[in-house]
Amino acid sequence: MSKYIVLAALFVGLGVFKIGVMEGAVEHYAYDANYPYAYESALVNQSPVASESWSIKVRVTAYSSRIEETDDTPNITASGTNVRPGVVAANWLPFGTKVKIPELFGEKVFLVEDRMHKRNGDKLDIWFPSTEEALRFGTQLARIEIL
């Protein structure tokens, strides 16, 4: 526990939490608007609530509910909800974060409720109902808006 307190104090001292009003601690990863990638050593308890939106260009991938692409509970997200259209996985954003991908999906809002393998820490993975749809989507580079 003291390790987490020291890490949290270090990140606060270094100014990691800069993107608006933060309430609570960071759930899995700390991030800031200028460097929105996972700081994997900042494991603490709850999700932050940011009051500002921002955007970044990321690699957007697709997945479906196959055990080969997930774990042994392919229809349950890492946050405990059922997979459904509009669910995305992102290791570098807290659960509950809303995102848009305007150049690919217009004004559709997606919700971060799932995670990926840690090697995919800087991607956004969109859930599709079928493997065929996920393969058709493929991998694309796109600007996303974090709401």
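Out of all the residues in segment 10-18, is one or more of a type outside the set (A, V, I, L, M, F, W, C) and modelled with pLDDT of 50 or more? No, there is no match, as no residue in segment 10-18 is of a type outside the set (A, V, I, L, M, F, W, C) and modelled with pLDDT of 50 or more. Considering GLU103, GLU113, the condition of being charged (D, E, K, R), over 12 Å from the mean Cα position of the chain (by Cα) and at pLDDT 95 or above is satisfied by GLU103 alone.
To keep it simple, each residue is scored yes or no on (1) surrounded by fewer than 16 Cβ atoms within 10 Å (Cβ to Cβ); (2) assigned to a loop (DSSP other than H, G, I, E, B); (3) outside the structural domain of GLY80 (by TED's automatic domain parsing); (4) β-branched (Val, Ile, Thr).
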residue	(1), (2), (3), (4)
LEU104	yes, no, no, no
GLU107	yes, yes, no, no
VAL112	no, no, no, yes
ARG119	yes, no, no, no
GLU132	yes, no, no, no
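For segment 134-147, a residue qualifies if it is surrounded by 17 or more Cβ atoms within 10 Å (Cβ to Cβ) and either closer than 21 Å to THR97 by Cβ or free of Cβ contacts under 8 Å to residues at least 60 places away in the same chain (or both), and the qualifying residues are ILE144, ILE146.
The values are calculated or read from the model by the stated rules, or taken from the named source; none is laboratory data. Every value quoted in this text rests on a predicted model; they were computed, and no experiment measured them. Here Cβ is always computed from backbone atoms with ideal geometry, including for glycine, and neighbour counts include all displayed protein chains.
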